[in-house]
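S.K.: Take a look at this one; I'll ask things after.
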Amino acid sequence: MKVTLKVWRQQGPDVRGAFETYDVDDVSPDMSILELFDVLNDRLIVDDVEPIAFDHDCREGICGSCSMMINGRPHGPELGTATCQLHMRKFEDGAHITVEPWRARAFPILKDLCVDRSAFDRIIEAGGYITAPTGTAPDANLILVPKEVSDTAMDAAACIGCGACVAACPNSAAQLFTAAKLEHLNLLPQGQPERWGRTVAMVDEMERWFGSCTNHGECEAACPKEISIDFIALMNRDYIRAQFKQRRLASQT
Amino acid sequence: MKVLGDGESLNQSLEKAGRVEDFFEFGELMVRDALHREESCGGHFRVEHQTEEGEALRNDDDFAYVAAWEYSGDVSAPTLHKEDLEFEAVQLAQRSYK
């Protein structure tokens, strides 16, 4: 099959970018769109054109590296898949495909389709962990967790931190990412000791970088792991409760 | 390998080229170490160092050490550092699978 790619090219963070059009013949329907870019890049190198920079790593939908805005949708038209899992058979022969980087002020473009997502790292650093002594792991059955709770925590933990939620959001809000990273810990017994401090720290850090949530729900539709916006409600609940808890504890310290 | 662009901005081709160079250097060093070690030992098997039955023939007098190669400034002439293997609880012996 043949496709025409319209790709955003930008030499660096402070350089003006533009769309370039590339026709690619002999596209296999079994290729992922990343493999299409590999083929195109090999050709560009032969033609003395700098290859298109794009992020990728595992190519099996678990690392969260790939990040392409395909025809205006993060990770493309397929639901519940990352860019690497989007195959060319999902497009018509002769299709025109527009590929852009994630668009969000908190994710500055590094080059072409690569953006700097370190604002996510700042949120994780603020509290996306638990503190536990290392050593022999305790017996798995020592702390009982109801099935419903562990299932819900696992649903949140499915977040691969790709940033599609931010790219999809008209406000460039990071509520879905932050909620997933917060609630998979807050729901479990192991996350309780640091729950309230973690909630305030991660939400406040998120607010430093990203826009605010106005419940559009675009994030859930774009999420390659189909994480529910219900987690945003849980995060908001925890944030309000954390304010209350901390005010009470402040008199004791 | 053809690398376009420069090192002034993000350059994924240059990153790949650097990695390929690392693999070549590392591969060369492994071969250099294998040629230097005049014995067969474990996964390191050289046909000229084998018993009559085709088993690995060690040379503990000369090679009972771990080799660490230091970059000397010249890739083709690394400096050898030896860390001797000392056996306290269990003494060195020839293993037989027969």
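The values are calculated or read from the model by the stated rules, or taken from the named source; none is laboratory data. Quick caveat: nothing in here was measured; it's all calculated off a predicted structure. Cβ atoms come from the backbone with ideal geometry, glycine included; neighbour counts cover every protein chain shown.
S.K.: Could you tell me which of the residues A:D23, A:D38, A:D30, A:D55 is within 12 Å of chain B (Cβ to nearest Cβ) and either in a strand (DSSP E or B) or over 20 Å from the mean Cα position of the chain (by Cα) (or both)?
M.R.: Working: A:D23 fails: within 12 Å of chain B (Cβ to nearest Cβ); A:D30 fails: within 12 Å of chain B (Cβ to nearest Cβ); A:D55 fails: either in a strand (DSSP E or B) or over 20 Å from the mean Cα position of the chain (by Cα) (or both).
Every option except A:D38 fails the conditions.
S.K.: Hey, any hits in segment A:186-204 for a residue that's of a type in the set (F, W, Y) and surrounded by 21 or more Cβ atoms within 10 Å (Cβ to Cβ)?
M.R.: Within segment A:186-204 (the criterion being of a type in the set (F, W, Y) and surrounded by 21 or more Cβ atoms within 10 Å (Cβ to Cβ)), the answer is no, since none of the residues qualifies.
S.K.: So, in segment B:31-45, exactly how many residues are within 12 Å of the chain's Cα centre (by Cα) and outside any strand (DSSP E or B)?
M.R.: To start, the set of residues in segment B:31-45 that are within 12 Å of the chain's Cα centre (by Cα) comprises B:31-37, B:43-44.
Remaining after also requiring outside any strand (DSSP E or B): B:31-37, B:43.
Total satisfying the criteria: 8.
S.K.: Which of (1) farther than 27 Å from A:F210 by Cα; (2) out of contact with any Cys (no Cβ under 7 Å at 6 or more places or on another chain) is the odd one out, the single condition A:I70 does not satisfy?
M.R.: Only one criterion is unmet by A:I70, namely (1).
S.K.: Test A:I143 against the stated conditions and say whether it is surrounded by 14 or more Cβ atoms within 10 Å (Cβ to Cβ) and in contact (Cβ under 8 Å) with a residue 40 or more places away in the chain.
M.R.: Values: surrounded by 14 or more Cβ atoms within 10 Å (Cβ to Cβ): no; in contact (Cβ under 8 Å) with a residue 40 or more places away in the chain: yes.
No; evaluated as a whole, the condition is false for this residue.
S.K.: I would also like to ask the following. Which pairs have Cβ atoms under 8 Å, sit 6 or more apart or on different chains, and link a residue in segment B:5-26 that is farther than 14 Å from A:K111 by Cα and away from every other protein chain (no Cβ under 11 Å) to one that is surrounded by 10 or more Cβ atoms within 10 Å (Cβ to Cβ) and not small (G, A, S)?
M.R.: B:A17/B:V3; B:E25/B:V75
S.K.: Among the residues that make up segment B:10-23, is at least one of them in a loop (DSSP other than H, G, I, E, B), in contact with a Leu (Cβ under 9 Å, 6 or more places away or on another chain) and under 26 Å from A:D42 (Cα atoms)? Give the steps one after another, and end with the answer.
M.R.: From segment B:10-23, those in a loop (DSSP other than H, G, I, E, B) are B:10-11; that's our starting set.
Next, from what is left, pick out any that are in contact with a Leu (Cβ under 9 Å, 6 or more places away or on another chain): B:10-11.
Within this subset, residues satisfying the condition of being under 26 Å from A:D42 (Cα atoms) are B:10-11.
Yes; the residues of segment B:10-23 include at least one that is in a loop (DSSP other than H, G, I, E, B), in contact with a Leu (Cβ under 9 Å, 6 or more places away or on another chain) and under 26 Å from A:D42 (Cα atoms).
S.K.: Out of segment A:1-13, which residues are in a loop (DSSP other than H, G, I, E, B) and within 25 Å of the chain's Cα centre (by Cα)?
M.R.: Result: A:Q10, A:Q11, A:G12, A:P13.
S.K.: Looking at (1) more than 14 Å from every other protein chain (Cβ to nearest Cβ); (2) part of a loop (DSSP other than H, G, I, E, B); (3) of a type in the set (K, R), can you tell me which one B:K2 breaks?
M.R.: Result: B:K2 fails condition (1) only.
S.K.: Could you tell me whether segment A:124-133 includes any residue that is buried (at least 20 other Cβ atoms within 10 Å of the Cβ), in contact with an Asp or Glu (Cβ under 9 Å, 6 or more places away or on another chain) and within 14 Å of another protein chain (Cβ to nearest Cβ)?
M.R.: For segment A:124-133, residues buried (at least 20 other Cβ atoms within 10 Å of the Cβ), in contact with an Asp or Glu (Cβ under 9 Å, 6 or more places away or on another chain) and within 14 Å of another protein chain (Cβ to nearest Cβ): absent.
Table: residues versus (1) outside any strand (DSSP E or B); (2) more than 14 Å from chain B (Cβ to nearest Cβ); (3) within 14 Å of A:L113 (Cβ to Cβ); (4) in contact with an Asp or Glu (Cβ under 8 Å, 6 or more places away or on another chain).
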| position | (1), (2), (3), (4) |
| --- | --- |
| A:V15 | yes, no, no, no |
| A:L44 | yes, no, yes, yes |
| A:D48 | yes, no, no, no |
| A:R59 | yes, yes, no, no |
| A:I62 | yes, yes, no, no |
| A:T81 | yes, yes, no, no |
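S.K.: Quick test of your reading of the structure: A:F244 fulfils all but one of (1) in contact (Cβ under 8 Å) with a residue 12 or more places away in the chain; (2) in a helix (DSSP H, G or I). Name the failing condition by number.
M.R.: Of everything listed in (1) in contact (Cβ under 8 Å) with a residue 12 or more places away in the chain; (2) in a helix (DSSP H, G or I), A:F244 misses just condition (1).
S.K.: With surrounded by 15 or more Cβ atoms within 10 Å (Cβ to Cβ) and either without any contact (Cβ under 8 Å) to a residue 12 or more places away in the chain or under 25 Å from B:M1 (Cβ atoms) (or both) as the only criterion, which of A:R43, A:R59, A:R16 stands out? Give the steps one after another, and end with the answer.
M.R.: On the way: A:R43 fails: surrounded by 15 or more Cβ atoms within 10 Å (Cβ to Cβ); A:R16 fails: surrounded by 15 or more Cβ atoms within 10 Å (Cβ to Cβ).
It is A:R59.
S.K.: Being in a loop (DSSP other than H, G, I, E, B) and out of contact with any helix residue (DSSP H, G or I) (no Cβ under 9 Å at 6 or more places or on another chain) is the filter here, so list the residues in segment B:72-84 that pass it. Quick ask: steps written out before the conclusion?
M.R.: Start the filter on segment B:72-84 by keeping residues that are in a loop (DSSP other than H, G, I, E, B), which leaves B:72-78.
Residues satisfying the conditions are B:S72, B:G73, B:D74, B:A77.
S.K.: Same structure, new question: β-branched (V, I, T) and surrounded by 15 or more Cβ atoms within 10 Å (Cβ to Cβ), is that true of B:V3?
M.R.: Numbers: β-branched (V, I, T): yes; surrounded by 15 or more Cβ atoms within 10 Å (Cβ to Cβ): yes.
Against the criterion (β-branched (V, I, T) and surrounded by 15 or more Cβ atoms within 10 Å (Cβ to Cβ)), B:V3 qualifies.
S.K.: Still on this structure, please answer the following. Of the residues A:A153, A:A106, which is surrounded by fewer than 20 Cβ atoms within 10 Å (Cβ to Cβ) and either within 28 Å of A:S65 (Cβ to Cβ) or within 14 Å of chain B (Cβ to nearest Cβ) (or both)? Spell out the reasoning first.
M.R.: Numbers: A:A106 fails: surrounded by fewer than 20 Cβ atoms within 10 Å (Cβ to Cβ).
Residue meeting the stated conditions: A:A153.
S.K.: Looking at (1) modelled with pLDDT under 95; (2) among the aromatic types (F, W, Y); (3) outside any loop (DSSP other than H, G, I, E, B), which one does B:F87 not meet, given that it meets all the others?
M.R.: (3)
S.K.: Oh, and also: Restricting attention to segment A:75-94, report how many residues are under 20 Å from A:E20 (Cα atoms), small (G, A, S) and touching a helix residue (DSSP H, G or I) at 6+ places or on another chain (Cβ under 9 Å).
M.R.: 1
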